[in-house]
Amino acid sequence: MHHHPHGSRLATAFAGLTLALLAGCAGTPARTPAADTPSVGPGPKGGLCNAAPAQGAKGKPPTAGTVEQARVASGAAMARVLRDNQPVTMEFNGERLNLVTDASGKITAVRCG
């Protein structure tokens, strides 16, 4: 007779442990989105431009997707597309990526400024 209460206490403890494990697992996905956000560079907003990682844009047409991809790769806060020989404002902006296109509309140069 004495084994019965002891056994149910053990079952209760086991159920509690199982719930704790399930709660632990349920808590894990909540933390995953934070890990998915890019922690490379200053994040989606952008900051200082580094043209080297964005050189893959060369030879492509400057579609919105290509320009944004290049901007994110460079870490720049903004990007603009310039035609070759187009008169532009010459003030240097270290947070801006410039994609220069040729007459055929393909990107020929990727540089910051």
- If L48, L97 are placed from fewest to most neighbouring beta carbons inside 10 Å, the sequence is L48, L97
- Sorted by chain and number, the residues with a modelled amide H under 5 Å from that of N93, at a separation of 5 or more or across chains, are G113
- Item | Lys/Arg +1, Asp/Glu -1 at C-beta; the stretch 52-112 dipole; positive extreme among V81, G105, N93 | G105
- Message: Using amide H atoms built in the peptide plane, which far-off residues or other-chain residues are under 5 Å from L82 H to H?
- Response: L99, V100, T101
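Coordinate-derived values only; no laboratory data. Note that the coordinates shown come from a computational prediction; the quantities given were computed from them, not determined experimentally. In this analysis, Cβ positions are derived from the backbone assuming ideal geometry, glycine residues included, and neighbour counts consider all displayed protein chains.
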